[in-house]
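Presented below is the structure to which this report refers.
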Amino acid sequence: MLAIRPVILLGVGAQAERTVQGYMRLVSQRQGRVPALLPILLQYAPHNPAHAQDQDQIHILSLSAPVFDGPEDWPAWFPPEQKTLTDAERTRTRSWMRAALLQRADDLQEFLLERVPQLISFESVEELREKELGLHGDSQVEVYVIADLSDHLASGILVDLARLTAHVCRQLGRQASVTGLLYLPNSTSP
């Protein structure tokens, strides 16, 4: 019996999305649904925040544009020049993308708090056993952050995303082993 660890896949950016989708198709073809695997894609959709699940069991979390009541409510870490940019210009900055994540961080944290225990639940263990798989007996969860650095969202949130996920795992009594797979921009990227 092959022993595996629970895995959280976090994909941000177009190239990362294709990677997560391709990996999930491969896993599905070989093993079917693996309950110890939690794939999540984060996208920036300025006017449509939502949580959905696609056919490959990938959870999609859309981050909306951050909303501040006034410039005095903007976080202290936020660059002051952001206040003078248009919305279109802001979407091309890492700080705006980070603010988008931070305003939805509670939703992501609640989702992880609900789903991470399911990765190691009794039902998951039984389902894995039927596939001749088992879980390692340690308390470690492997977290893979796959980020396309040519994407403003990915380059703006990948560290916060990794830290938030590791924090949730610690809250649940699990140790997170975080690994990053980063796609660098190509030579023609702006």
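The values are calculated or read from the model by the stated rules, or taken from the named source; none is laboratory data. Only a predicted model underlies this, so the values are computations on that prediction, with no experimental measurement involved. With ideal geometry, Cβ positions are generated from the backbone for all residues, glycine too; neighbour counts draw on all protein chains shown. To get the accessible areas, we keep the full protein, side chains included, count just its heavy atoms, and leave off ligands, DNA and RNA. Shrake-Rupley method; radii C 1.70, N 1.55, O 1.52, S 1.80 Å.
Key figures for this structure:
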item: Estimated translational D of the stretch 84-137 in µm²/s (Stokes, Kirkwood radius over Cα pairs; 4 °C; 1.567 mPa s); result: 90 µm²/s
item: With all protein chains modelled, accessible area of E130 [1.4 Å, Å²]; result: 150 Å²
item: Sorted peptide list for 132-141, 99-108, 34-43, criterion being average Cβ within 10 angstrom, highest first; result: 34-43, 99-108, 132-141
item: Most mobile listed residue (E110, E72, E123) in the chain, GNM with C-alpha springs under 10 Å; result: E72
item: Residues with amide H under 5 Å from that of V141, placed H, sequence gap 5 or more; result: Q175, A176, S177
item: Of D69, D148, D87, the one that fluctuates the most in a GNM where the chain has Cα springs shorter than 10 Å; result: D69
item: Which of S28, S64 is most accessible, then next, and so on - probe 1.4 Å; result: S28, S64
item: Whole-percent carbon and sulfur share, accessible surface of the chain, 1.4 Å; result: 50 percent
item: Calculated FRET efficiency for the pair L182/Q118, C-beta based, R₀ 30 Å, to 0.05; result: 0.60
item: Span-like helix ranges in the chain, DSSP H, alpha carbon extent 15 angstrom or more, Kyte mean at least -1.0; result: 14-31, 94-119, 152-171
item: Probe 1.4 Å, protein heavy atoms only - accessible area per residue of the stretch 37-151 in square angstrom; result: 53 Å²
item: Volume of the Cα convex hull of the stretch 117-164, divided per residue and given in Å³; result: 109 Å³
item: D87 versus R129: modelled label distance in nm, points set 7 Å from Cα along the beta carbon direction; result: 5.4 nm
item: Gyration tensor verdict on the stretch 1-40 (Cα atoms; rounded if a/c is under 1.5, prolate if a/b is larger than b/c, oblate otherwise); result: oblate
item: Centre separation in Å (Cα based) which lies between the stretch 148-190 and the stretch 15-48; result: 15 Å
item: Calculated Rg and Dmax of the chain using C-alpha coordinates, Å; result: 17.8, 59
